[in-house]
1. Would you mind putting 104-117, 452-465 in packing order, based on average other-beta-carbon counts within 10 Å, highest first?
2. With a 10 Å radius around each residue's Cβ, average the other Cβ atoms per peptide and rank 264-276, 412-424, 244-256, highest first.
3. So for the stretch 121-182, averaging the separation of alpha carbon pairs under 8 Å that are six or more residues apart and normalising by length, what relative contact order in percent results?
4. Below 8 Å, C-alpha to C-alpha, sequence gap of six or more: please give me the relative contact order for the chain in percent.
5. Within the chain, what whole-number % of the accessible surface is contributed by carbon and sulfur, with the 1.4 Å probe and all protein chains included in the calculation?
6. Starting from 0.36 nm per residue, how many nanometres of slack lie between Ala39 and Thr421 once their C-alpha separation is accounted for?
7. What's the FRET efficiency of Ser330 with Leu62 using the Cβ-Cβ distance as r and R₀ = 60 Å, to the nearest 0.05?
8. If the chain between Met241 and Thr476 were fully stretched, how many nm would it gain, using 0.36 nm times the residue separation less the Cα-Cα distance?
Amino acid sequence: MSEPKPNLVGGDWVAGDAAPNINPSDTTDIVGLYARASAAQTRMAIDAAKAAFPAWSRSTPLERHAVLRAASDEILARKEELGQLLSREEGKTLAEGIGETVRAAQIFDFFAGEALRLTGEVLPSIRPGVGVEITREPMGVVGIITPWNFPIAIPAWKLAPALCYGNTVVFKPADLVPGCAWALVDILRRAGLPDGVLNLVMGRGSVVGQTIVDNPDVAALTFTGSVPTGAALAAKSAQLMRKVQLEMGGKNPFVVLADADLDVAVDCVINGAFFSTGQRCTASSRIIVEEAIEGAFLDKMTERMAGLRVGNALEPETQIGPVVDESQLSQNEKYIEIGQDEGARLVAGGERVSRDTEGYFQMPALFADCNNQMRIAREEIFGPVAAVIAVKDYDEALSVANDTEFGLSAGIATTSLKHATHFKRNAEAGMVMVNLPTAGVDFHVPFGGRKASSHGPREQGRYAAEFFTTVKTAYTMA
Ligand code: ADP
């Protein structure tokens, strides 16, 4: 086993208690050892980011462009290796791992371009002789706290805009997936970031994350993770009058109308509910089906599900990798029991299965005869478990779709322009998909939700500037 990978604090690689990064497809495979930062090291990282801010905030667009561009190029050139690392530490299939890595490269490419397009506005004042300039300035030290389910894309979509707009960063990845985070930071550092501009502090949320949250020098905090953690972080941030951006859970509906192309609908549900092992905040977990076609839909679903290949993420034929760890798998199993106790009918899947390697394998599960009040229809499970709810018509479908505390993504399968248009306008979600899975988004357009799913400005694309900058209005009498 090689030396533990260290944290990056103020330009120095610093050692810490080593924790193993375990492959969920094969728990005998240790991906590597990664140092957990202490609270003191985390505070040093914040101090370093603060010290580096004045110079980086005045760096030229070309300097920022060069770093982001070089990072994009290296990620793309190493997509097979990084994609494999991702699949090994998180458990999504190799195709998904490589795809996510390419996505990360595209995000850095996008923000490399944005760095060259930083603009402001010049307007005449309502007062004679006065000019008005509107500019965007960086926030200062940005705290970035990321989850385990997109080990390279989520760090990329927070790091790239943070750096593009001239902020300095303290980055804490999820404890389960330090590998991609470390590789990304190593790439950015070698791409030419000055010392202290980007600091990596791996480790536990309760130690490293909490130290970032509690520190008033962190001017803005962007977080993706669970609702309880996000809510606690928002409460502390409100006390400190700090800007926050939270992306949290989902209980995303996918509506199948009687006029849908059933093959399209089934493709959307298989992908949206089960790919990436259902471990996406945009996953479809409530499938709302018009009762006229419920039987035909369930028949097609069970037929497709019987052919799904669950297994080791690194094997090419695998379509669905393992669940990320034992605690998530036990939680999924608990919800299978809860669903059955609530009177839902388990149509397919749900069982733990063994493969050649020791991993956390579970067959995707589909429940029928559900109603929208059941816990399996209200609580985010974050696994390959979907609940089918039959409704009499489109109006009831829309009302069930919106009857949730969440509002990230909502989808519909229909050939009716009228219903598609109505659904786009009336779904209470940040993202709406017509004849497409609820999961799977572009990198150059806004990402985010409503209600308990999100808080604060949108992520990604040009909308990222809303969070990573603050607006200044300057008046000059000349
Ligand atoms: P998940 O269910 O995705 O693990 P969490 O909200 O627990 O959701 O974790 C998301 C991220 O937040 C992880 O990086 C985790 O370490 C971090 N985190 C957990 N608890 C805290 C906390 N108290 N303060 C700050 N960050 C935390």
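The values are calculated or read from the model by the stated rules, or taken from the named source; none is laboratory data. Every value quoted in this text rests on a predicted model; they were computed, and no experiment measured them. With ideal geometry, Cβ positions are generated from the backbone for all residues, glycine too; neighbour counts draw on all protein chains shown. SASA here: full protein model, heavy atoms, side chains in, ligands and nucleic acids out. Shrake-Rupley method; radii C 1.70, N 1.55, O 1.52, S 1.80 Å.
1. Packing proxy ranking, top to bottom: 104-117, 452-465.
2. 244-256, 264-276, 412-424
3. Once divided by the residue count of the stretch 121-182, the mean separation gives 34 percent.
4. 18 percent
5. 53 percent
6. 132.4 nm
7. 0.70
8. Once the chain is fully extended between Met241 and Thr476, it gains 81.7 nm.
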